[in-house]
C-alpha cells in the first residue's frame, strides 16, 4: 500500500488538505497526517517516498499516483529551500505526526529531559548560558540569565509561562511549532521548570489559533505521565495584540485587563500572581531540548554571528514567491533571504520594501539588503528582527498608507495605560493624514490674538507637520512603557525616510528630505 | 433562580480550581450565549466576589467579548501588513457588497497564514489565497 504524507498544519488545511487526504484514502492509500515542511507556496503538499507534489488539488490525485503529475518538485530534502537550512528547532518539520508520542520518541524526543534529570538544576542553567540562547520573542534577552534570576529567587511557588501570543503579522513559527511538534515545546517547558524549580507551566496563546490549541491540549494530556508532577495548561487570549507583551500577558493570565505593568519589578521576581516567573517565547523554549542534549549547547554556540548565537526560524511572508519557514544560523544578508531564498515577489514586480519584525518593525529599503541578520546588526541600522518575520511588498504598496496603518494599529491595540501610546497613536494618524493632504489651515482658536506663538498669515505646511510627527515619534519611543508605543515609530519614521514621495506626492517632497 | 444564572454558576464552578479563571469563564459564556451582557456581568461579579466594574473592565478590554449577541454569521478577514501586501484592501469592496446586511465582516490582525494571504476565517475553518471571486463565494455561502 502506498504511504502518502499530507500535512495537517492550519495553512495546509486552509488549502484543502483534509479533502485531499480523504481522496488518497479512497484510492486505497495509507495517509499519514504529518507536520508541515514549511514550503508554504506548495501547500497542500503531497509526499510519497520522500518526493513532493504541490500545490496539490483534488484533480491532481490520479496523476500523482500514476506518476504523470507535473507538480512534482523531486526529493523534498534535496530541494534548495530545505537543503540550505540548518534545522534544529524545526528538525522534525514534515517528518513526524504531531501528536504521536511514538514518532516523537523515535526521533530523539525526551532524551534531553532524561539527561537533565541526572543533572543539578544549576548545571542545566549553566548549559543554557553557554549556548548563548537569547529570547526569540524579539527583545533578545539572554535566556540563561533570566532562568538564573528565577532559580535564585526565594518563593514557595514559581511559574513557567510560554508566550505563544504570536500577534505580529508576517510571523507563524510559533503556530507551526505548536501544531507540528508540540512535544518539543512540552519537553522544553519541563526542562525549564526543573531548572528553576517551578510547579506549574502555562502556554498563553491566541484565540486565532484554534488548531494549535487543540494539538497542544492533546499532547499535554498524553505527555502527563512523562512530565509529572509538573502541571501544564493552555490558556487562550481574547484578541488583544498587546497581550504578547510579557507583563500584559501576565495580567491577562491572572484574569485582568491586559494592561502593561511598569518594570521593575521584573516578572522574574514578581510575575504571575506576584511569584517568580520565567516568561519565554515558544521558539526560545522549543530550542531548549536541542541545547540540553549531549553536546548541544556547544553546537548551538558555534552557530551564528557575534552575539547572535544559534539558529533563527525565519518566516518569509507577504508578497513573496517562495514563502514559508526558513531556519538558519544568524548571519545571512537580508537580500539573500528575500531574493534568492524567497525568490522575490509573488507578483513578479520589483521589491519596494520589506518589513522585518512584525507591525512594530522598520520598513527596509532594497538599498539596505546587505544588512546581516542578527540582533545588533539590525539595531545599528535602526531596525529590529523581532520574531523574525519578513513581510515583502512589491512596488504597488503606498508607504504613506502603511505608515498611517502603523499608527492606526497602535491606536486600536493600545492597552491605554500610558499616554504617549494611547493618545500619541491617534494624533499620529491625524498628522500623517495632514502631511498627505498638504498641511492644514489655522483653526479659529489659533487665529485669536492671545495665541501669539502661531503665525496668522498662513497655515501649517506639510514640511512643518513632519517636524511634529518626528517630535511625536520621539515622545512615543522614549516615553512609552512597552514596545507597542515604543516601537511604532520604527515603521512610521523608516517609511517617511525612505519613501517621502509616498507622503508628499512626487513633486512636493521638501528639499531637505529628498535624497 | 433563572436557567441562565444557574448555567453561569455551573461555568464558574467548572473553573473554580484554576488560577486566574476569569478569561476561561468569559470564553465559555461568550461561546454559549454569544455575548457577555450587563446582566451576566452582575451574576459573575456576585459569583466571583468581584465588583461589577472589575468584570466590565475585563469584558470591555478584549475584542473577543461582545456586549450584545449578533445573530449574523461572521467572516473574519485579516487586514494586517502581510495580507495588505497581498492585496486584501482591494478585495474589501467586493467583500462588503457580498456581505450586505446578512453577514458580519470583522477585521482580525493576523491569522498566521502570512505567506498565503489574503486570508480569512469562518468558525474554525481557514481560507487562503483569496481573490475577489473566492471571497465573494466564501461570504455568500457562509
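The values are calculated or read from the model by the stated rules, or taken from the named source; none is laboratory data. Here the structure is a predicted model, which means the values were calculated and not measured. Neighbour counts run over all protein chains shown; Cβ positions are idealised from the backbone, glycine included.
Numbers for the structure displayed
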read-out	value
Qualifying residue in segment A:154-162 (condition: in contact (Cβ under 8 Å) with a residue 40 or more places away in the chain, surrounded by 24 or more Cβ atoms within 10 Å (Cβ to Cβ) and not in a strand (DSSP E or B))	no
Residue A:481 being part of a loop (DSSP other than H, G, I, E, B) and either modelled with pLDDT of 95 or more or closer than 22 Å to residue A:416 by Cα (or both)	yes
Residue count for segment A:21-46, restricted to those that are within 14 Å of another protein chain (Cβ to nearest Cβ) and over 29 Å from the mean Cα position of the chain (by Cα)	0
Tally of residues being more than 15 Å from residue A:317 (Cβ to Cβ) and within 8 Å of chain A (Cβ to nearest Cβ) across segment B:77-113	1
Residue B:51 over 30 Å from residue A:14 (Cα atoms) and loosely packed, with under 14 Cβ neighbours inside 10 Å	yes
From the options A:61, A:128, A:116, residue that is more than 25 Å from residue A:217 (Cα to Cα), at pLDDT 95 or above and more than 22 Å from the chain's Cα centre (by Cα)	A:61
Residue under evaluation residue B:52, criteria (1) more than 14 Å from chain A (Cβ to nearest Cβ); (2) in contact with a helix residue (DSSP H, G or I) (Cβ under 9 Å, 6 or more places away or on another chain); (3) touching a residue at least 24 places away in the same chain (Cβ under 8 Å), criterion not met	(3)
Failed condition for residue B:91, given (1) touching a helix residue (DSSP H, G or I) at 6+ places or on another chain (Cβ under 7 Å); (2) surrounded by fewer than 17 Cβ atoms within 10 Å (Cβ to Cβ)	(2)
Helices (runs of 4 or more DSSP H) (entirely within segment A:369-453) containing at least 3 residues that are surrounded by 18 or more Cβ atoms within 10 Å (Cβ to Cβ) and within 14 Å of chain B (Cβ to nearest Cβ)	A:399-413
Pick from segment A:216-231, criterion touching a strand residue (DSSP E or B) at 6+ places or on another chain (Cβ under 7 Å) and closer than 24 Å to residue A:34 by Cβ, ranking: surrounded by the fewest Cβ atoms within 10 Å (Cβ to Cβ)	A:217
Sole residue being touching a helix residue (DSSP H, G or I) at 6+ places or on another chain (Cβ under 7 Å) and more than 30 Å from residue A:263 (Cβ to Cβ), chosen from A:448, A:436	A:436
Odd one out for residue B:73 among (1) without any contact (Cβ under 8 Å) to a residue 60 or more places away in the chain; (2) farther than 22 Å from residue A:202 by Cα; (3) surrounded by fewer than 20 Cβ atoms within 10 Å (Cβ to Cβ); (4) away from every other protein chain (no Cβ under 14 Å)	(1)
Set A:495, A:463: member being assigned to a helix (DSSP H, G or I) and modelled with pLDDT under 90	A:463
Hey, residue A:105 touching a helix residue (DSSP H, G or I) at 6+ places or on another chain (Cβ under 9 Å), under 29 Å from residue A:306 (Cβ atoms) and surrounded by fewer than 19 Cβ atoms within 10 Å (Cβ to Cβ) or not	no
Test: residue in segment B:127-142 that is at pLDDT below 95 and either closer than 23 Å to residue A:168 by Cβ or within 16 Å of the chain's Cα centre (by Cα) (or both)	yes
Qualifying residue in segment B:123-142 (condition: in contact (Cβ under 8 Å) with a residue 60 or more places away in the chain, in a loop (DSSP other than H, G, I, E, B) and more than 8 Å from chain A (Cβ to nearest Cβ))	yes
Failed item, numbered, when residue A:273 is tested on (1) at positive phi; (2) touching a residue at least 24 places away in the same chain (Cβ under 8 Å); (3) surrounded by fewer than 24 Cβ atoms within 10 Å (Cβ to Cβ); (4) outside the structural domain of residue A:204 (by TED's automatic domain parsing)	(4)
In segment A:234-274, the residues that are outside any helix (DSSP H, G or I), out of contact with any helix residue (DSSP H, G or I) (no Cβ under 8 Å at 6 or more places or on another chain) and facing chain B (nearest Cβ under 10 Å)	A:239
Top-ranked residue in segment A:293-308 [being more than 15 Å from residue A:89 (Cα to Cα) and either in contact with a strand residue (DSSP E or B) (Cβ under 7 Å, 6 or more places away or on another chain) or in contact (Cβ under 8 Å) with a residue 40 or more places away in the chain (or both); ranked as surrounded by the fewest Cβ atoms within 10 Å (Cβ to Cβ)]	A:294
Selection count, segment B:13-28, where residues are away from chain A (no Cβ under 12 Å) and touching a helix residue (DSSP H, G or I) at 6+ places or on another chain (Cβ under 6 Å)	0
Residue that is nearest to the chain's Cα centre (by Cα) [pool: residues in segment A:192-215 that are surrounded by 21 or more Cβ atoms within 10 Å (Cβ to Cβ) and free of Cβ contacts under 8 Å to residues at least 40 places away in the same chain]	A:208
Residue within segment B:123-135 that is within 27 Å of residue B:29 (Cα to Cα), in contact with a helix residue (DSSP H, G or I) (Cβ under 7 Å, 6 or more places away or on another chain), surrounded by fewer than 18 Cβ atoms within 10 Å (Cβ to Cβ) and not assigned by TED's automatic domain parsing to the domain that holds residue B:30 present	yes
Exclusive hit being within 21 Å of residue A:259 (Cβ to Cβ), at pLDDT 90 or above and under 24 Å from the mean Cα position of the chain (by Cα), set A:412, A:406	A:412
